[in-house]
């Protein structure tokens, strides 16, 4: 194809909007899909006379593994493919088709031919993750081809391939304070980045700038020096030039380097401290908000002096600042200094307006709702993963002492399509199918080169089922975002998802005899998790109609579930987490996550051309859409907070603001979000600002 000639399908897709950016003709996008398949995909797809011939070719040429296929007969494999193809799936948008074939479909090594259709990729996912269980394979392919849910990008992409990357691509590591610990964190970050992983690192344990090393005062370079090292690491280990490494660092606001930490992302920051690649997040305990509200000064505490005095890592103390603040403040052996918490909050808001950073984790909101033993001390690149960690400490290489391996985190994710789950009336079935694939990923994954990640995955089998397609679904049903009906829908839907995920995890524990690590110390075991939970039925007429014909859990169901969980335990330590749904949302033709859309027709640039993605239901309900930048942020917070009551981890939640909104406005949103029980805030996006998506964690 002549690269100077613009293909017909792109020209058609570009006719969706007019020269002023307004919606012109939505049918042109449907024409673009047809042209794309007729003139490109069909011509570039390698022809095989039969499924048997195709699979033999793909195995013999080392495109596919053979082991998982050998678990089935040829007739069984053919049945799964038949179910997929008989669904007669068609991509409703050009962007969806383009993203799948450009990013996910298996291609020949020379790049000249497609070796898979969408149906093939889904069939391979179903067969592989069913591990020879034909009934499970049938359930999986039916749910996948109906687009009731999708596995996360690395799972969908890599499953079944002979030469593949990992099934997970999001990791959380907690850094210890010794040079050994810092060196290993740097090594792990590069290894994970090399395989396409996004890595979040908690730096709160690190001694602050000017602290002592081996008794020599004022020699520590603080967290900024380590951030610079990590920044270079992620730029070096960049997935073979395909995209830059993705890393994030978190710091508790009671760390003395917090102000310098924030300066690293300022647009006019000096090159000596400026961080180019790393994302950043702050961990805010309630104590800071209390001191800011009372207009009092706030102590920040030097971690190494805290460790010498109490023998505890600073991250473990800083996360419980309500408990420790007064004692640390009054202890003359703990070095400290005063800052103004109101000015710090203003600094955070100012930086968010400039750059979109930092992410925010409200520490006490997270841990007050945390059902497990142990504290959640930081989050991931997209702020939806919230799990307790234990810091690892690494011995010298001569190994006279043993490494003390703690618990770090890998994110095994999938996302349901809310609209399809509701329209197909398959909440329970979708939750179970998604959990089957995520549990398969957990079982089949061993990140042995990061021992604390491998250990936690083995002990906890944590997963995260999320949701996309919310805004599109409510628009299609003429429900306004943030309305009474919307809150009603969210409350019932997520209560139901939570129930069925708990029920299935309990059944797996009963079947396998496996409970997650320290289940007996959890709020599930003592029953306190279930206080205030139970039957939630639709209140409004419209929402009642939407749930008609679906089995919603009753109060008796919840009571029986509580008893069974106490008796049998839970297989998974964590079950729910709502990711931002980046490129995979296009494949699913869904609006991202739970948050409102940013544009009615989204524009993306690929190569030398622009591609447009019209939001669902624009042809019938355009007037119902209101973009995030024009919407009342307090209403958005109310919707997210309603879902958050039922989600054991977090929700990737972006704030959208206009250039006219002030740092004072942002601080009001922070405080309202905190008051409503929101756990984390992801990017703040200003309408004039564009930020690259984190592909590693975007499911």
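Each reported figure results from applying straightforward, stated rules to the coordinates on display, with no laboratory input. As the structure is a computational prediction, the values presented were derived from the model and not from experiment. So basically every Cβ, Gly included, is an ideal-geometry build from the backbone, and we count neighbours across all protein chains shown.
Which of rounded, prolate or oblate describes segment 517-643 when judged by the alpha-carbon gyration tensor and an a/c cut-off of 1.5? Write out the running numbers ahead of the final one.
Values: a/c = 2.69, a/b = 1.83, b/c = 1.47.
Verdict is prolate for segment 517-643.
In deg cm²/dmol, rounded to 500, what helix-only [θ] at 222 nm does the chain give when every DSSP H run of at least 4 residues adds -39500 (n - 2.57) and the total is split over its residues? Walk me through the intermediate numbers first.
Working: 28 runs with 294 residues, N = 699.
Rounded to the nearest 500, the figure is -12500 deg cm²/dmol.
Can you give the FRET efficiency for residue 112 and residue 323, using 1/(1 + (r/R0)^6), R0 = 51 Å, r = Cβ-Cβ distance, to the nearest 0.05? Display every interim value, and only then the final one.
Working: r = 63 Å, r/R0 = 1.24.
Efficiency, rounded to the nearest 0.05: 0.20.
In degrees between 0 and 90, to the nearest 10, how far off the longest principal axis of the chain does helix 222-236 point, with axes built from Cα atoms?
20 degrees
Just to be sure I understand the model, the point goes 7 Å from the Cα along the line to the Cβ. What's the resulting residue 20 to residue 70 distance in nm?
That separation, rounded to one decimal, is 6.6 nm.
Can you tell me the order of 146-153, 602-609, 263-270, 615-622 when each peptide is scored by its average per-residue count of other Cβ atoms within 10 angstrom, highest first? Don't skip to the answer; put the middle values down first.
Details: 146-153: 25.2, 602-609: 11.8, 263-270: 14.9, 615-622: 17.1.
Result, highest mean Cβ count within 10 Å first: 146-153, 615-622, 263-270, 602-609.
What ranking of 663, 554, 611 emerges when the number of other C-beta atoms within 10 Å of each C-beta is taken as an exposure proxy, fewest first?
Values: 663 16, 554 13, 611 23.
Fewest-to-most Cβ neighbours within 10 Å comes out as 554, 663, 611.
Any chance you could give the angle, 0 to 90 degrees and rounded to 10, that helix 51-60 forms with the longest Cα principal axis of the chain?
40 degrees
So, by mean Cβ neighbours within 10 angstrom, what's the order for 458-465, 214-221, 86-93 with the highest one leading?
Working: 458-465: 23.4, 214-221: 10.9, 86-93: 15.4.
The densest-packed peptide leads the list: 458-465, 86-93, 214-221.
Sort out for me the Cα centre separation of segment 22-46 from segment 373-441, rounded to whole Å.
38 Å
How high is the relative contact order of the chain, in percent, with contacts defined as C-alpha pairs under 8 Å that are six or more residues apart?
Working: 1348 pairs, mean separation 99.7, N = 699.
With pairs under 8 Å counted, the relative contact order is 14 percent.
Could you calculate the contour length gain from residue 27 to residue 551, that is, 0.36 nm times the residue separation minus the distance between their Cα atoms, to one decimal place in nm? Show your work: numbers first, answer last.
Working: separation 524, 0.36 × 524 = 188.64 nm, distance 3.72 nm.
184.9 nm is the gain from fully extending residue 27 to residue 551.
At what distance in angstrom do the alpha carbon centres of segment 651-684 and segment 524-567 lie from each other?
About 30 Å separates the Cα centre of segment 651-684 from the one of segment 524-567.
Using 1/(1 + (r/R0)^6) with R0 = 51 angstrom and r between the beta carbons of residue 610 and residue 312, what's the FRET efficiency to the nearest 0.05? Intermediate values should be presented prior to the final figure.
Numbers: r = 54 Å, r/R0 = 1.05.
According to the calculation, E is roughly 0.40.
Sticking with the crude label model, points 7 Å out along Cα→Cβ, report the distance from residue 514 to residue 191 in nm, one decimal please.
For residue 514 paired with residue 191, the spin-label model returns 2.2 nm.
Have a look at the DSSP beta bridges in the chain and tell me what percent are antiparallel, nearest 5.
Working: 23 of 53 bridges.
Bridges in the chain that DSSP calls antiparallel: roughly 45 percent.
In nm, to one decimal, how far is the residue 478 label point from the residue 446 one, both placed 7 Å along Cα→Cβ?
Output for this residue pair reads 5.8 nm.
Hey, can you rank 96-109, 348-361 by average C-beta count inside 10 Å, highest first?
Numbers: 96-109: 18.6, 348-361: 21.9.
Sorting 96-109, 348-361 by mean packing, highest first, produces 348-361, 96-109.
Taking the DSSP beta bridges in segment 170-409 as the whole, what percent of them are antiparallel, to the nearest 5?
Values: 8 of 27 bridges.
Taking every DSSP beta bridge with both residues in segment 170-409, the antiparallel ones total about 30 percent.
Stretched out fully, how many nm does the piece from residue 85 to residue 276 gain, at 0.36 nm a residue minus the Cα gap? Don't jump to the answer; show the numbers that get you there.
Details: separation 191, 0.36 × 191 = 68.76 nm, distance 4.58 nm.
Value of the extension gain: 64.2 nm.
Looking only at segment 564-699, where both bridge partners belong to it, what percent of the DSSP beta bridges are antiparallel (to the nearest 5)?
Percent antiparallel among DSSP bridges in segment 564-699 is about 60.
How high is the FRET efficiency from residue 294 to residue 658, r the C-beta distance, R0 35 Å, rounded to 0.05?
On the way: r = 31 Å, r/R0 = 0.89.
Between residue 294 and residue 658 the formula returns 0.65.
Sorted from fewest to most neighbouring beta carbons within 10 Å, what does the list 275, 390 look like? Walk me through the numbers before you get to the answer.
Numbers: 275 21, 390 18.
Final ranking by Cβ density, sparse to dense: 390, 275.
Need one word for segment 170-409: rounded, prolate or oblate. Basis is the Cα gyration tensor (sqrt eigenvalues a ≥ b ≥ c); a/c below 1.5 gives rounded, then a/b vs b/c decides. Walk me through the intermediate numbers first.
Values: a/c = 1.40, a/b = 1.16, b/c = 1.21.
It comes out rounded by the Cα gyration axes.
State whether the chain is rounded, prolate or oblate according to the following rule on the C-alpha gyration tensor (a ≥ b ≥ c being the square roots of its eigenvalues): a/c under 1.5 gives rounded; otherwise a/b larger than b/c gives prolate, and the remaining case gives oblate. Write out the running numbers ahead of the final one.
Numbers: a/c = 1.44, a/b = 1.40, b/c = 1.03.
Here the chain falls in the rounded category.
Treating the angle as unsigned and between 0 and 90°, give the value, to the nearest 10°, between the Cα long axis of helix 484-512 and the longest Cα principal axis of the chain.
90 degrees
How much length is gained if the chain between residue 219 and residue 619 is pulled fully straight, taking 0.36 nm per residue apart and subtracting their Cα-Cα distance, in nm to one decimal?
Working: separation 400, 0.36 × 400 = 144.00 nm, distance 6.39 nm.
Taking residue 219 through residue 619 to full extension adds about 137.6 nm, to one decimal.
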